[in-house]
Structure formats: structure tokens, C-alpha cells
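Notes follow once the structure below has been shown.
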Amino acid sequence: QIYQASCTAPVNIATLKYWGKRDTKLNLPTNSSISVTLSQDDLRTLTTASCSSSFEQDTLYLNGEPHPIDTPRTLACLADLRSLRAALESKDDKLPKLSTFKLRIVSENNFPTAAGLASSAAGFAALISAIAKLYELPQNSSELSMIARKGSGSACRSLFGGYVAWEMGELEDGSDSKAVEVAPVNHWPEMQALICVVCDVKKDVSSTSGMQLTVATSDLFQERIKNVVPKRFIEMKKSIVDKDFAKFAELTIKDSNSFHSCCLDSYPPIFYMNDTSKKIIKLVNLLNEAAGKIIAAYTFDAGPNAVIYYLKENENQVLGLFNKVFGHLEGWEKAESLKSKFEIL
Ligand code: DP6
């Protein structure tokens, strides 16, 4: 007999960035962060987990390709899930001993993995959700987010849709470092995201190593985690609850700038943005100046790709200018009225 369950998890884009670990094994961050989850129609991972007494080893397929399960992070996630299942089985003799069976995990993205978008976040979140469903675990999303966090920090935020906070926590064992919902997606349905894929090659400095170089060498980073982020975390959550776009956008832009400044302040410096990224920043500034108020926000992760947030009511202005400036480029599909859109510049 084969037992099976499937789950999807969305991609999330941080508007207040996680950058820096205080514990690299448990993936405990040096600051709290906030993200907006993108629409699952556009960007998500679908994972099917199955197990059987007849399977000989744990196997993982990512977009059709077999992958070894040998990274400490993936092994830690599987061990946590199995021990939660074993605890259930020890209380109820009638339950099949799934915790002792080998797993087969099949994971597919509905977007190109090479696009340099945050695929590991959706990947680990879908993996944890699918196995938790297979094992019929009673743990809620916040509790499961702590397992996803061990896979990849940002993955803990993909356990929820909508607006999500990852509370950094203080405890050494990480039991208070988890994701919580700030607001569901239908709280602010006017919010739109435009994704500009500036470059679809893999980044040269991974987030994992980049952030630890910043922690070890940047003075600006110390200022960021002590005096900037704690206040911004509270203000950004409030701007979401109040649906105050201008405030939300200002904080999002400032946090992207602060994060990339800390990268530049690392030694040797790390550059994630390129000339096209800088053009996008200028364009958003122009849009906001011309409108006389903030109608668009940009944010960049550990790569040159941009995510632009705007409200539906300003769609014509925002997409109009982007189409005008980038429309002639090969690969640019006309930005249309979609919750999130995928473009190659
Ligand atoms: C810039 O979650 O990929 O996207 O925990 O080492 O797997 P690991 O790092 P990862 O880092 C994400 C960094 C970021 C900001 C963010 O998503 O908050």
C-alpha cells in the first residue's frame, strides 16, 4: 500500500528583509521580517509526498530531476516530521507506522526555477506541508513554520498566504522563532505585484553565505538590526493592518535600500543589483514624483530581479510606464492586469 498527500505553497517576497543568522544550524535570524505572498496562480510549488513499506530509500524529484537528500537542512526537516508522526503512532496502536517508511517526494514549480526567484521558500514550505498532511499531524501553520525555517529561513513565511511576519524570537532552541499571519490576502485585495525578471541566471553569492559575510563584516548591519528593523517591523505591520499604501511602500523601499546597503558595506562587498535594477528604481521614483504621492514600491532580494507593489487603482499608470520603458526589449511580455506577472527584461 502507498500512502500519499499533496500540497502547494506560494512564493513570498520579503518587504522587510531577513538578512543575518544568530544560529546557522537552526536558522535563527538576527531580525524579524515581513513578506507578502504572491498569487498561487502565478508562482507556487506543488509537492506530492508518498510513503510505503516497499520503498527502499527516501527519494526527491525536483521538476522531474532526481535530487539526493543529503543536505543537513532537508535531513533535519524530515527528522522533525518523522518524530512528530512517531509520537502520534506511540499513542495509537492502530495507526500505520508511516514514520518508519521511506518517503518519495515529487516537487514541481509552475515557474522556471532558474529565474532566480525565491523558489527555495516555496519549495521547503510545500515539502513540509505535504508530509505533515501525509502524516496527519495536528500541528498548526505556525508550528510547522518552525520546521520549514530549518530548511530555509524565508520558507517559514510561505506556510501562510497574504501578509506574514516571521517573529525572530529570543530562545536558544528556536521554539519562539516562527511565522504568524499579519493579515489574510482578502484584507487588502487591491494590492498587486509586478515581477520583473531582470536576469534569469543563478546568483553568484547565495543568500546563506552572503548574509553571514554581512554579519561578520558590516558595521552598518549592526545599526540595521539594533536601531532600524525593530521599529520598522512594528510600523510595517501597522501599515498593512491600516491599509496605508504610502506608508507601506515607503517602508518597503527603505528596507530594500537598507538591505542592499549592508551588502555593499560587507567586506568584500556584495552587489546583487545591476544597471537594469537601478533603472527600475529610477522609474519607480519618477512614477511617484509624477503622481505627487507614493503609488509604487520596489523591492529586490539577493539578485537583480525587482518586485513592484502597487494598488489596482494605479495599475494603468504603473504598468503603462513600465511597458513604455521596457516594452521594446526582447522577451518583455506586455505587463497586463494580473495579480503578479512574470517578465524577462
Ligand atoms: C534576501 O531564506 O534564502 O530573500 O535561510 O540561508 O536559506 P537561508 O536564506 P534565505 O534568505 C532569504 C534572503 C532574502 C530576504 C528574505 O526573504 O527575507
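So who's got an amide H within less than 5 Å of the one on D58, skipping anything under 5 residues away but keeping other chains? H placed 1.01 Å off N, in plane.
Distant-sequence amide H within range of D58: L103.
Tell me, what HN-Hα J-couplings in whole Hz come from the Karplus equation 6.51 cos²θ - 1.76 cosθ + 1.60 at θ = phi - 60° for each residue of region 9-14, using x for Gly and Pro?
9, x, 6, 10, 10, 6
By how many degrees, between 0 and 90 and to the nearest 10, does the Cα long axis of helix 315-326 differ from the longest principal axis of the chain?
Its long axis makes an angle of about 80 degrees.
Name the residue from C263, L159, S239 whose Cα lies farthest towards the positive end of the charge dipole of the chain, charges +1 on Cβ of Lys and Arg and -1 on Cβ of Asp and Glu.
S239
Highest mean first, what order results for 91-99, 139-147 on Cβ atoms within 10 Å?
139-147, 91-99
Please report the relative contact order for region 254-325, taking Cα pairs under 8 Å with a sequence separation of at least 6, and give it as a percent rounded to a whole number.
26
I'd like the Karplus ³J(HN,Hα) series for region 256-268: coefficients 6.51, -1.76, 1.60, θ = phi - 60°, whole numbers in Hz, and an x wherever there's a Gly or Pro.
Karplus values, whole Hz, x for Gly and Pro: 4, 4, 5, 4, 6, 5, 5, 5, 5, 7, 6, 10, x.
Let a ≥ b ≥ c be the square roots of the eigenvalues of the Cα gyration tensor of region 175-232; is it rounded (a/c under 1.5), or, if not, prolate (a/b larger than b/c) or oblate?
Note, shape of region 175-232 comes out oblate.
If you line up the long axis of helix 207-217 against the longest principal axis of the chain, both from Cα atoms, how many degrees apart are they, to the nearest 10?
70
When the Debye formula is applied to the Cα atoms of the chain, each taken as the same point scatterer, what base-10 log of I(q)/I(0) results at q = 0.14 Å⁻¹?
For the chain at q = 0.14 Å⁻¹, log10 I(q)/I(0) is -1.13.
Taking each pair of different alpha-carbon atoms in region 79-159 once, compute 1/r for the pair, average those values, and report the inverse of that mean as the Kirkwood hydrodynamic radius in Å to one decimal.
Here the Kirkwood hydrodynamic radius works out to 13.5 Å.
With all protein chains present and a 1.4 Å probe, how do H67, H328, H260, H187 order by accessible area, largest first?
The ordering from most to least exposed comes out as H328, H67, H187, H260.
Once amide H atoms are placed 1.01 Å from N in the peptide plane, what residues at a sequence separation of 5 or more from V182, or on another chain, have their amide H within under 5 Å of its amide H?
Y163, V164, A165
Of K97/K150; K231/K278; K21/K279; K150/K243; K17/K247; K25/K231, which sit over 20 Å apart, Cα to Cα?
Over 20 Å apart, Cα to Cα: K97/K150; K231/K278; K21/K279; K150/K243; K25/K231.
For the chain, which whole percent of the accessible surface, found with a 1.4 angstrom probe, sits on carbon and sulfur atoms?
Reported share for carbon and sulfur atoms: 54 percent.
When you have a sec, figure out the Kirkwood radius of region 1-88 from all distinct Cα pair distances and drop it here in Å to one decimal?
Hydrodynamic radius (Kirkwood, Cα only) of region 1-88 equals 16.0 Å.
What residues have an amide H closer than 5 Å to that of S32, excluding those fewer than 5 places away on the same chain, when H is modeled at 1.01 Å from N in the peptide plane?
It is M168, by chain and number.
Please compute the per residue accessible area over the chain with all protein chains in place, 1.4 Å probe, rounded to a whole number of Å².
With all protein chains present, the chain gives 45 Å² per residue.
So what's the net charge close to K17: Lys and Arg +1, Asp and Glu -1, counting the other residues with Cβ under 14 Å from its Cβ?
Summing Lys and Arg as +1 and Asp and Glu as -1 gives +3.
Explain nothing, just compute: Karplus ³J(HN,Hα) = 6.51 cos²θ - 1.76 cosθ + 1.60, θ = phi - 60°, for every residue of region 162-173 in order, whole Hz, x for Gly and Pro.
With coefficients 6.51, -1.76 and 1.60, one gets x, 9, 10, 10, 9, 7, 4, x, 10, 5, 5, 7 Hz.
Roughly how far apart, in whole Å, are the Cα centres of region 37-108 and region 246-308?
For region 37-108 versus region 246-308, the Cα centre distance is 37 Å.
Calculate how many DSSP beta bridges within the chain are antiparallel, expressed in % of all such bridges and rounded to the nearest 5.
85
Please work out the Kirkwood hydrodynamic radius for region 195-288, using every pair of different C-alpha atoms, and report it in angstroms with one decimal place.
It works out to 14.9 Å.
Tell me, what is the percent relative contact order of region 148-260, built from C-alpha pairs under 8 Å that lie six or more residues apart?
Worked out over region 148-260, it gives 16 percent.
Calculate the dipole size of the chain relative to its Cα centre from +1 charges on Lys and Arg beta carbons and -1 charges on Asp and Glu beta carbons; express the result in debye to the nearest 20.
Dipole magnitude for the chain comes out near 240 debye.
By its C-alpha gyration tensor, with a ≥ b ≥ c as the square roots of the eigenvalues, how is region 67-212 shaped: rounded for a/c under 1.5, else prolate for a/b larger than b/c, else oblate?
prolate
List the trypsin sites (Lys or Arg not before Pro) in region 152-215 that DSSP assigns to loop (not H, G, I, E or B) and whose Cβ has at most 16 other Cβ atoms within 10 Å. Which are they?
Filter output for region 152-215: K202, K203.
To the nearest 10 degrees, how steeply does helix 275-291 sit against the main Cα axis of the chain, on a 0 to 90 scale?
The angle comes out near 60 degrees.
The values are calculated or read from the model by the stated rules, or taken from the named source; none is laboratory data. Note that the structure is predicted; figures quoted are calculated from it, not measured. In this analysis, Cβ positions are derived from the backbone assuming ideal geometry, glycine residues included, and neighbour counts consider all displayed protein chains. Only protein heavy atoms, including side chains, enter the accessible area calculation; ligands, DNA and RNA are left aside. Shrake-Rupley method; radii C 1.70, N 1.55, O 1.52, S 1.80 Å.
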